[in-house]
2 protein chains.
Amino acid sequence: MKTPKQLSLDVQLHDEATFDNYFVGENGALVNCLKDITASQTGERVIYLSGPKSSGRTHLLQAACHELAKKQQPVCYIPLRAQLEIKPEMLDGLTHMPLICVDDLECVAGDDAWELALFNVYNAIAASNCRLIITATDTPNAINFIRKDLISRLNATLLFQVKPLNDAQKIQALMLRAKTKGIQLTERIAKYILEHYARDMSSLTAALDRLDVLSFEQRSRLTLPFVKTVLDIS
Amino acid sequence: MKTPKQLSLDVQLHDEATFDNYFVGENGALVNCLKDITASQTGERVIYLSGPKSSGRTHLLQAACHELAKKQQPVCYIPLRAQLEIKPEMLDGLTHMPLICVDDLECVAGDDAWELALFNVYNAIAASNCRLIITATDTPNAINFIRKDLISRLNATLLFQVKPLNDAQKIQALMLRAKTKGIQLTERIAKYILEHYARDMSSLTAALDRLDVLSFEQRSRLTLPFVKTVLDIS
């Protein structure tokens, strides 16, 4: 059996992408729609989220996956950024699942086999109970797909644009994530990190992860000197 | 923009199944094997975990899924307890993925279509880069499968028995989960909960979730009177 001392060394606070630690900002309608789908698998069959880098698309998609897995429902998460390691044939039977989550759709634009597979999935979904959530950096028209029929199908989905947070919201978002991790981050320190370290949520979240681990290891609170040292802000 | 007060009401500490909040106990070899697979997708192609209810099978399987999703790798989680809502055809193309996680295999024993689909997946995996992790309540021989060929294939996998925790380990496990949630749970209180509320990890974890939410809402520490009230221990 482990002693309490060994135990504490094993702990690394995890940071999963869930709805609870997503700061909604202006994306209330989108988040409610995703929550409805994961709660009851009803409503629109295909949801398409477009948004710039660091706008939280992947976070929302993984949150939807977590919700289903938590309810012991089958779920499939397919980030197409990894498309070279997987094959489009994997999509064939997936419409027999309750939910498919496709991340980074723009990564397969111009790849005929993948575009055809996605077109077929879209059509098969109409005759199934499956829901499909897609994310991409841009709207269907703005992505260089070869297949016009795929573009027209994607334009017929429920399209949401993920609205990035403004600076004040990013500070609140950072404080929310700190709170869900069980660490104290004051508004003053959050503002300081935003102004002196980074302004995009991916970097901010990664910074918080580092602060979290080190503050736990060193049993330090998130004071300004501690934050400056860990994040190497001079 | 939300005020800090509104913000705090939105927070509900999440509790995902990750490797970080899994108390290893006697399952070190198994956990290392799963971590290796999710880190590099090398080694054994099919891992079979058997263990009684509440031994942590689903936790480990979902932890493997989280690891891959976090690395933006495709992953598929299929709890067969939900097999009535899904169809065996969904397995057809899945061996083109890096990892398939099948939970509750015993639920489809006796269902010829599912047994055949799993047999085909097993055979297809030999010619793929896919890894398959299966959990079940029991070893292949002890489950009432119709197909003898499926039983023989499953017996050829890397078989692990998930060892349930003893009481002292459950107390440590509960303290680990509390710590990853950022709440203070003393050994004395953890022991009290085990002795007066429940002895299985599922109930203990659910109790901790409740204590977590209410202690946050009521801004109370996990004292003995607070725990007794929340868990209704008289």
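Determine which member of the set A:LEU34, A:LEU9, A:LEU49, A:LEU105 is under 30 Å from B:ALA206 (Cβ atoms), at pLDDT 90 or above and more than 9 Å from chain B (Cβ to nearest Cβ). Reasoning before the result, please.
On the way: A:LEU9 fails: at pLDDT 90 or above; A:LEU49 fails: under 30 Å from B:ALA206 (Cβ atoms); A:LEU105 fails: under 30 Å from B:ALA206 (Cβ atoms).
Result: A:LEU34 is the single residue among A:LEU34, A:LEU9, A:LEU49, A:LEU105 that is under 30 Å from B:ALA206 (Cβ atoms), at pLDDT 90 or above and more than 9 Å from chain B (Cβ to nearest Cβ).
Could you list, in sequence order, all residues of segment B:63-72 that are in contact with a strand residue (DSSP E or B) (Cβ under 7 Å, 6 or more places away or on another chain) and open to solvent by 20 Å² or more (accessible area, probe 1.4 Å)?
The initial filter retains those residues of segment B:63-72 that are in contact with a strand residue (DSSP E or B) (Cβ under 7 Å, 6 or more places away or on another chain), namely B:64-65, B:68-69, B:72.
The answer is B:GLN72, and nothing else.
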- prompt: Just a yes or no: is a residue in segment A:82-92 under 20 Å from B:ALA69 (Cβ atoms), surrounded by fewer than 22 Cβ atoms within 10 Å (Cβ to Cβ), polar (S, T, N, Q) and touching a Pro at 6+ places or on another chain (Cβ under 7 Å)?
  reply: no
message: Could you check segment B:172-193 and list, in sequence order, the residues that are open to solvent by 50 Å² or more (accessible area, probe 1.4 Å) and within 11 Å of chain A (Cβ to nearest Cβ)?
response: B:LYS179, B:GLN184, B:THR186, B:GLU187
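Determine if segment B:78-93 includes at least one residue that is away from chain A (no Cβ under 14 Å) and on the phi < 0 side of the Ramachandran plot. Give the derivation first.
In the first step, residues of segment B:78-93 are kept if they are away from chain A (no Cβ under 14 Å); the result is none.
Checking segment B:78-93: not a single residue is away from chain A (no Cβ under 14 Å) and on the phi < 0 side of the Ramachandran plot.
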task: Tell me which residues, restricted to segment B:155-171, are farther than 29 Å from B:LEU132 by Cα and buried (at least 22 other Cβ atoms within 10 Å of the Cβ).
output: B:ILE171
- prompt: Is one or more of the residues making up segment A:194-211 under 30 Å from B:MET90 (Cβ atoms), hydrophobic (A, V, I, L, M, F, W, C) and open to solvent by less than 60 Å² (accessible area, probe 1.4 Å)?
  reply: no
message: Just to be sure I understand the filter: pairs with C-beta atoms under 7 Å, separated by 6 or more residues or on different chains, first member in segment B:62-76 and closer than 13 Å to A:ARG81 by Cβ and within 7 Å of chain A (Cβ to nearest Cβ), second member surrounded by 23 or more Cβ atoms within 10 Å (Cβ to Cβ) and of a type in the set (Ser, Thr, Tyr). Which pairs pass?
response: B:ALA69/A:TYR77; B:PRO74/A:TYR77
- prompt: Within the set of pairs 6+ apart or on separate chains, which have a first residue in segment A:98-115 that is touching a residue at least 60 places away in the same chain (Cβ under 8 Å), a second that is in a helix (DSSP H, G or I), and C-beta atoms under 6 Å apart?
  reply: A:LEU99/A:LEU68
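The values are calculated or read from the model by the stated rules, or taken from the named source; none is laboratory data. Note that the structure is a prediction, hence the values are computed from the model and not measured. Cβ sites come from the backbone with ideal geometry, for glycine too, and all protein chains shown count toward neighbours. Note: accessible area is taken over every heavy atom of the protein model, side chains too, but ligands, DNA and RNA are not part of it. Shrake-Rupley method; radii C 1.70, N 1.55, O 1.52, S 1.80 Å.
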